[in-house]
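Some notes on the structure that comes next.
The values are calculated or read from the model by the stated rules, or taken from the named source; none is laboratory data. All values reported here derive from a predicted model rather than from experimental measurement. No Cβ is skipped: glycine too gets one built from the backbone with ideal geometry, and neighbour counts run over all protein chains shown. The accessibility values were calculated without ligands, DNA or RNA, using every heavy atom of the protein model including side chains. Shrake-Rupley method; radii C 1.70, N 1.55, O 1.52, S 1.80 Å.
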Amino acid sequence: QVQLVESGGGLVQAGGSLRLSCAASGSIFSINGMGWYRQAPGKQRELVAAITNIGITNYADSAKGRFTISRDNAKNTVYLQMNTLKPEDTAIYYCNADIRTRGSWSDNYWGQGTQVTVSS
């Protein structure tokens, strides 16, 4: 019933920027952690950035200083501002969230993913 929908991916040149958005919808009671993962061909899915419901953030070393995660609780939306993009950032980016629905404990949800391609 709960859905996560990503947007904002695309093609960008090295050094450019993209802003990803992920909106959660459905029968939501509360959302705890939200985050962004990415997976490149032939590689494992990895955490890029995460943020708690009170704004505590965690970043992969490769993202520190370049990416910024934020959220708008009123809109049930998490964002990932990506600056100074590098070709190695090319991957499918997935939104992830721990969401509690009414009458249930928290469960983990994934979005469909959005492609980010950085050309050199």
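Annotations
- Single residue of the range 84-103 satisfying the filter (open to solvent by 50 Å² or more (accessible area, probe 1.4 Å) and either over 22 Å from residue 19 (Cβ atoms) or at pLDDT below 95 (or both)) that is farthest from the chain's Cα centre (by Cα): 103
- The one condition in (1) open to solvent by less than 50 Å² (accessible area, probe 1.4 Å); (2) closer than 30 Å to residue 120 by Cα; (3) of a type outside the set (A, V, I, L, M, F, W, C); (4) in contact (Cβ under 8 Å) with a residue 24 or more places away in the chain that residue 81 fails to fulfil: (1)
- Any pair with Cβ under 9 angstrom, 6 or more apart, that starts in the range 7-18 at a residue that is surrounded by 16 or more Cβ atoms within 10 Å (Cβ to Cβ) and ends at one that is part of a loop (DSSP other than H, G, I, E, B): 9/113; 12/85; 18/8; 18/9; 18/83; 18/85
- Considering (1) in contact with a Leu (Cβ under 8 Å, 6 or more places away or on another chain); (2) over 16 Å from residue 3 (Cα atoms), the lone condition that residue 61 does not fulfil carries the number (1).
- Residues in the range 45-71 that are part of a strand (DSSP E or B) and either among the hydrophobic types (A, V, I, L, M, F, W, C) or open to solvent by less than 60 Å² (accessible area, probe 1.4 Å) (or both): 47, 48, 49, 50, 51, 59, 67, 69, 70, 71.
- Subset of the range 72-120 [part of a strand (DSSP E or B) and aromatic (Phe, Trp, Tyr)]: 79, 93, 94, 109, 110
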